[in-house]
Amino acid sequence: MSAACNSDCPKQPLSPIANMSNFTQGLIRLVQFANRFNTPSSSKQFCKPFFIEDKHVGFIRPDVLQFVKEHPDVFDLHHNSQTGDIIKVQLSLELKTFEQRTEKLTAVLQQWREEDEDLISLAGWRDETHNVYRKFSEPPLMKMERSATCLFGLKQYGVHINAFTHRENEGMCMWIAKRSKTKQTWPGKLDQMVAGGMASGQTIMECARQECKEEASVPDDLIAKLKPCGTVSYFYEDERGLFPECQFVMDLEVPEDFKPVNADGEAESFQLLPIEKVSYLLNWSNNINDNGLKIVCEKRLFVVVLIRIEVKKLMITDDFKFNCAIVILDFLIRHSLILPDDEPFYTYLMESIHVTLH
């Protein structure tokens, strides 16, 4: 289910709107991109609901359904009695336990991985499993290889941490990571200083602590200051599959002299960027050449960016991994750096980063 769309909701696809700032247009494009499954051009109308027991846990696209049909011992197909059309897919009721479901589905996925090159998401096999839920508040029904969850449109959960500090001359600044070019997904894109998916068996805080240590070498005394701040959610779709995702968001204020150091090879570099002067930055100048904005400071380890583009401008470009930009949008709203009287699409943006997932 998509977020409720009130009268403020712009029509899709977005076209240039008179008197709308470039920043606002960029934010609207961002949240529409993040919720591609809920747009008229998505596969939504052709997907079949996927059930485990009587619990609706996901959606299956036609390109995956053709493979599902080859395993009648694993998947039950329910048909309309009059038309004969498939109306839903259900995991076999013979698979009664967490362990049975996990074992049987893993065998199917391994077969698909070896035999079916059309399922491109499985090319990014990670040997990392995520739990499968109907609701996060309920016990998991099974676990599944992370790269395969999008084939079934299963809800996935992760943790994103906004690391920020205050500098005397620049005010509030945020640490931004650049993803390694060898990452399986979104290589070379900008990211939170720390972010990661919740593996099976992890609690939210266990995931946050592990990622802090692996991705930025955050010391224990700083990890203890992590502040949970809610969630963001969206329903993305691309050629790999369906991604209904919920991210647990945390803030971490770090000392001015703190510098993150990557320990797991997943981040190529870090930048400390200013995030101040919102009213000025909301309408950044069109005549600035993006190619000339970055200034490398020889005496520092990070890149200094001209004040007019900093975090707010970068977040509406494709330099950012889209869901990381969503988390920053949430940060700006929570810290009153985007204000409802200044942003005419404030309620639409709020609804679009807190969508109701199936």
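The values are calculated or read from the model by the stated rules, or taken from the named source; none is laboratory data. What you are looking at is a predicted structure, and each value in this text was computed from that prediction instead of being measured. Here the Cβ positions follow ideal geometry from the backbone for every residue, glycine too, while neighbour counts run over all protein chains shown. Each accessible area value is taken on the protein alone, full model and side chains, heavy atoms only, with ligands, DNA and RNA left out. Shrake-Rupley method; radii C 1.70, N 1.55, O 1.52, S 1.80 Å.
Points worth noting:
- Computed E for ASP118/ARG334 - FRET, C-beta separation, R0 35 angstrom, nearest 0.05: 0.25
- Paramagnetic reach from GLU138 in segment 70-102 [backbone N under 18 Å; point 7 Å along Cα→Cβ]: 76, 88-102
- Listed peptides 247-256, 96-105 by packing density, highest first (mean Cβ within 10 Å): 247-256, 96-105
- Taking 17 Å as the cut-off, the amide N atoms of segment 157-199 that come nearer than this to a point 7 Å along the Cα-to-beta-carbon line of ASP342 belong to 170-174.
- Length-normalised contact order for segment 146-201 - Cα pairs under 8 Å, 6+ apart - percent: 36 percent
- Inter-centroid distance (Cα atoms) of segment 50-128 relative to segment 136-185, Å: 26 Å
- Cα shape, segment 103-202, gyration tensor, a/c 1.5 rule: oblate
- Apolar share of the accessible surface for segment 42-115: 47 percent from carbon plus sulfur atoms, 1.4 Å probe.
- Between THR106 and ALA224, full extension at 0.36 nm per residue minus the direct alpha carbon distance yields a gain of 38.8 nm.
- Once C-alpha pairs closer than 8 Å and six or more residues apart are averaged by separation and normalised to the residue number of segment 25-171, the relative contact order reads 20 percent.
- A crude spin-label estimate for the pair ASP257 and GLU53, with each label 7 Å from Cα along the Cβ direction, gives 5.5 nm.
- Cα-derived Rg to Rh of segment 177-255, Kirkwood definition: 0.98
- Segment 65-131: C-alpha gyration tensor shape, a/c 1.5 cut-off, then a/b vs b/c: oblate
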